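One structure is given here, and the rest of the page talks about it.
Derivation of every value follows stated rules applied to the coordinates shown; laboratory data play no part. As the structure is a prediction and not an experimental result, all values here were calculated from the model. In this analysis, Cβ positions are derived from the backbone assuming ideal geometry, glycine residues included, and neighbour counts consider all displayed protein chains.
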């Protein structure tokens, strides 16, 4: 059995390039961290060890959620404001390195550039979910094993409805033509991100990928745009629906 923990960066709403401050983000990204059930306890130990290390060093208390967007632009969590901006990016790079060096992890990512895609805004979330499921199913088929997904609580109802169509498990019997998912089982499970270090790891992957795909000049001095490529690309699963670098773009 394999588990895939998923989180997003950006939102799945409409973006209007003429009104960037009045609409959603210019992108929507999903990232899924895959771990085998047999390695679950060991990999959780790796994540806990990293969190305990940075807590001992005085950066972030162990019980504070590692949430990238809040860390870089703090609003609610005062623990982040005591960390300098260069140190925040350094912590994110160390976290990415912890994931990328552990070959027990695999990573699936989906990127929607709203300024380029031909998708209707209503399709952003469902299309990203479909691509993620297709890639995870391909991964599972190669392993000849089943898998289940865990999501953050955002968009729970929409995701559940769409996944039941993908798997053909809904009460209506409705399915999606030309899409067959054979190795993913059951409805997804939804977690509160603060309770799951694996969901927080998926958040880290999605956020650093956002910095790579949509770099901001002011952040390049911290090498924000290089973290994903340098630290996480080694564990990217290169599915048939992905580009050569393993990233699914649609």
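Before moving on, here are some points about what is shown:
- Only helical runs count toward this figure. For the chain, summing -39,500 (n - 2.57) over DSSP H runs of n ≥ 4 and dividing by all residues gives -11500 deg cm²/dmol at 222 nm.
- Global form of the stretch 35-97, assessed from the alpha-carbon gyration tensor, a/c cut-off 1.5: prolate
- Global form of the stretch 1-40, assessed from the alpha-carbon gyration tensor, a/c cut-off 1.5: prolate
- The value obtained for the chain, namely the Cα convex hull volume divided by the number of residues, is 131 Å³ per residue.
- With Cα atoms defining each centre, the stretch 1-55 and the stretch 69-102 are spaced 14 Å apart in the structure.
- FRET efficiency for the pair residue 120 and residue 178, taken as 1/(1 + (r/R0)^6) with r the Cβ-Cβ distance and R0 = 25 Å, rounds to 0.85.
- Stretchable slack from residue 1 to residue 52, in nm (0.36 nm times residue separation minus alpha-carbon distance): 15.5 nm
- Computed lengthening from residue 22 to residue 190, 0.36 nm per intervening residue step minus Cα-Cα distance: 57.5 nm
- Here the gap between residue 97 and residue 76, fully extended at 0.36 nm per residue and compared with their Cα-Cα distance, gives a gain of 4.9 nm.
- Cα shape, the stretch 210-250, gyration tensor, a/c 1.5 rule: oblate
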